1. Over the chain, with a Gaussian network built from C-alpha contacts below 10 Å, which listed residue (Arg47, Arg161, Arg120) shows the highest mean-square fluctuation?
2. Report the local net charge at Ser158: Lys and Arg +1, Asp and Glu -1, summed over other residues whose C-beta lies under 14 Å from its C-beta.
3. May I ask you to give the solvent-accessible area per residue for the chain, in square angstrom, as obtained with a 1.4 angstrom probe?
4. Give me the base-10 log of I(q)/I(0) for region 117-176 at each q in 0.14 Å⁻¹, Debye formula, one uniform scatterer per Cα, rounded to two decimals.
5. Say we join alpha carbon atoms closer than 10 Å with springs in a Gaussian network model of the chain; which of Glu27, Glu53, Glu93 then has the biggest fluctuation?
6. Just the number, please: percent antiparallel of the DSSP beta bridges in the chain, rounded to the nearest 5.
7. With a point put 7 Å past each Cα toward its Cβ, work out how far Thr25 is from Asp84 in nm, to one decimal.
8. If eta is 1.306 mPa s and T is 10 °C, what Stokes-Einstein diffusion coefficient results for the chain, Kirkwood Rh from Cα pairs, in µm²/s?
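The values are calculated or read from the model by the stated rules, or taken from the named source; none is laboratory data. Keep in mind the model is a prediction, meaning the values are calculated, not measured. All Cβ positions, even for glycine, are placed from backbone atoms using ideal geometry, and neighbour counts span all protein chains on display. Ligands, DNA and RNA are stripped out before the accessible areas are found, and what is left, the full protein with its side chains, is counted by its heavy atoms. Shrake-Rupley method; radii C 1.70, N 1.55, O 1.52, S 1.80 Å.
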Amino acid sequence: MNEVVRLTLVSHAMTDAMAAGRFPTDEPVNALGRRQIEGIDLAGAERAVCGPEARTQQTAALLGLAPTIESGLADLDCGRWRGDFLGRVSPAEMTIWLTDPTRAPHGGESVVDLVARVGRWMDSLTAGRIEHAKMVAVTHPAVVRAAVLVALDAPAKSFWRIDIAPVSRTVLHFRGHAWTLRSSA
């Protein structure tokens with residue numbers, strides 16, 4: 001069994017929805033997103049995984065990866081807000097969403113539910129025999145935030161205090177019994 005697992009979380013590239021301030025649907029990366037990927041080298045990965053959405057699969061392919069789809073890496077479900085502009089959400093609902101991680105006024109997934117889902121996925125990486133010590137996961141900013149919270153055992157209310165840029169890389173290590181945040185760039 002390997003003693004250390006290195007998990008590099010890559011946030012998908014820019015999309016038109018991100019650029020326009022809309023909640024995501026299943027959109028592809030845009031031209032800027034394709035340029036953001038140029039020159040990124042993820043050599044040395046023993047395994048690649050990605051979320052099921054088009055933007056994560058396309059980002060992974062543009063990075064030269066052949067990932068397995070992992071449902072645990074799916075984006076935060078924004079329910080009825082999907083595809084809508086952030087500015088069209090009522091201030092009262094937005095306040096609830098940004099201040100109470102247990103609530104999902106959009107009818108989708110709460111931040112607490114997302115953190116739990118990502119935590120279960122991370123636990124699955126370290127249960128039993130670890131076969132892939134160097135893994136790349138192409139996913140979403142929300143999933144990366146959740147993974148950082150899991151690694152730091154931080155409260156879900158800290159979710160919105162973590163800024164994850166498109167195509168940023170966040171490295172977590174698992175050593176024996178706990179995840180640690182190695183770096184974020």
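1. In the Gaussian network model the winner is Arg161.
2. 0
3. 48
4. For the requested q values the scattering log ratios are -0.41.
5. Glu93
6. 55
7. For Thr25 paired with Asp84, the spin-label model returns 1.5 nm.
8. The estimated diffusion coefficient comes to 95 µm²/s.
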